[in-house]
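**Student:** Below you will find the structure I want to go over with you.
We did not get these values from a lab; they are worked out from the coordinates using the rules stated. If you're wondering where the values come from, they're calculated on a predicted model, not measured in any experiment. Cβ placement follows ideal geometry from the backbone for every residue including glycine, while neighbour counts extend to all protein chains displayed.
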Amino acid sequence: MMWQSPKARDLELDARLTVHSLPADKANPGGDVKLYGLAVDEQDAAVRTEFRRAIRARIDWEPDEPYHLFSLDVTEGAFMRFTEEAKQTWRWDPRSGLRKEEEPNTG
């Protein structure tokens, strides 16, 4: 993230965050993913160097210092998909593991 951006400063104050996938289209047949967790401020020089190398390889650009780099410590996850027949949800957390829920599609 850009140095001292509002989002980065928010994460420094409260590290909780949710990452949500981008639907491919209105029907979203691929489903949605949500990851819940805590932002970890990455200060390790080797991690930051590898991040910059990976970004440069992917988009031929890399951030200049200073910048914020956070990783996600995942505490919960969910995947949801709607079919003609049902709403399907897979949930994961470290206490319960992975579980699937299915509700008939009434819409």
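**Student:** Tally the residues that are out of contact with any strand residue (DSSP E or B) (no Cβ under 9 Å at 6 or more places or on another chain) and either part of a helix (DSSP H, G or I) or of a type in the set (Val, Ile, Thr) (or both), restricting the search to segment 11-41.
**Tutor:** Qualifying residue count for the region: 1.
**Student:** Residue by residue through segment 64-89, note down the ones that are touching a strand residue (DSSP E or B) at 6+ places or on another chain (Cβ under 8 Å) and of a type outside the set (A, V, I, L, M, F, W, C).
**Tutor:** Matches in segment 64-89: 67, 68, 71, 73, 75, 76, 77, 81, 85, 87, 88, 89.
**Student:** Still on this structure, I have one more. Test each condition in (1) touching a helix residue (DSSP H, G or I) at 6+ places or on another chain (Cβ under 6 Å); (2) assigned to a helix (DSSP H, G or I) for residue 46 and report the one that comes out false.
**Tutor:** Residue 46 satisfies every listed condition except (1).
Rundown of residues vs (1) within 17 Å of the chain's Cα centre (by Cα); (2) surrounded by fewer than 10 Cβ atoms within 10 Å (Cβ to Cβ); (3) over 21 Å from residue 7 (Cβ atoms); (4) hydroxyl-bearing (Ser, Thr, Tyr), yes/no style:
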| position | (1), (2), (3), (4) |
| --- | --- |
| 71 | yes, no, no, yes |
| 78 | yes, no, yes, no |
| 96 | no, yes, yes, yes |
| 99 | no, no, yes, no |
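**Student:** Here is a further query. Select, from 58, 52, 81, the only residue that is at negative phi and in contact (Cβ under 8 Å) with a residue 40 or more places away in the chain. It would help to see each step written out before you state the result.
**Tutor:** Values: 58 fails: in contact (Cβ under 8 Å) with a residue 40 or more places away in the chain; 52 fails: in contact (Cβ under 8 Å) with a residue 40 or more places away in the chain.
Just one listed residue meets the conditions, 81.
**Student:** Which pairs do you get when a residue that is closer than 13 Å to residue 72 by Cβ, found in segment 14-26, comes within reach of a residue that is of a type in the set (D, E, K, R), reach meaning Cβ atoms under 8 angstrom, with the pair 6+ apart or on two chains?
**Tutor:** Listed by first residue and then by second, the contacts come to 18/34; 19/34; 20/32; 20/34.
**Student:** How many residues does segment 49-88 hold that are in a strand (DSSP E or B) and either closer than 30 Å to residue 105 by Cα or in contact with a Gly (Cβ under 6 Å, 6 or more places away or on another chain) (or both)? I'd like the intermediate steps shown before the answer.
**Tutor:** Taking segment 49-88 first, the residues in a strand (DSSP E or B) are 67, 70-82, 86-88.
Still in the running and either closer than 30 Å to residue 105 by Cα or in contact with a Gly (Cβ under 6 Å, 6 or more places away or on another chain) (or both): 72-82, 86-88.
Number satisfying all stated conditions: 14.
**Student:** Mind checking which residues of segment 20-40 are surrounded by 13 or more Cβ atoms within 10 Å (Cβ to Cβ) and either aliphatic (A, V, I, L, M) or within 23 Å of residue 64 (Cα to Cα) (or both)?
**Tutor:** Those that are surrounded by 13 or more Cβ atoms within 10 Å (Cβ to Cβ) and either aliphatic (A, V, I, L, M) or within 23 Å of residue 64 (Cα to Cα) (or both): 33, 35, 38, 39, 40.
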